[in-house]
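Structure record follows, encoded as structure tokens.
Every read-out reported here was derived from the displayed coordinates using simple, explicitly stated rules and does not represent laboratory data. This structure is a prediction, so every number in the text was calculated from the model and none was measured. Cβ sites come from the backbone with ideal geometry, for glycine too, and all protein chains shown count toward neighbours.
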């Protein structure tokens with residue numbers, strides 16, 4: 001698969017990307033090379049190959065799910081300009 005300069009110009013226009021005439025040929029060639037590589041990769045027979053999330057079979061180390069901070073809710077509410085029943089009171093923004 002390849003892309004023509006007219007197709008590239010149309011896509012650039014739709015994406016609001018400004019391409020000057022000097023770079024259109026170079027960008028067209030590069031995109032055509034990328035599309036050719038994708039065609040080449042699509043031609044590979046992958047039957048029996050399991051999809052993988054990580055080629056290194058790495059696992060993510062997870063930390064223990066435990067509380068690491070103390071509860072400071074009352075201290076924060078004490079310094080708030082307005083609070084009521086454990087909630088912050090703020091001015092109404094929608095009428």
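For this structure, a couple of remarks:
- Length-normalised contact order for the chain - Cα pairs under 8 Å, 6+ apart - percent: 20 percent
- Angle between the chain longest axis and helix 21-42 axis [Cα atoms, degrees, rounded to 10]: 90 degrees
- Shape of the stretch 4-74, Cα gyration tensor, a/c cut at 1.5: oblate
- Spin-label pair residue 53-residue 4: with each label point 7 Å from Cα along the Cα-Cβ axis, the two points sit 4.5 nm from one another.
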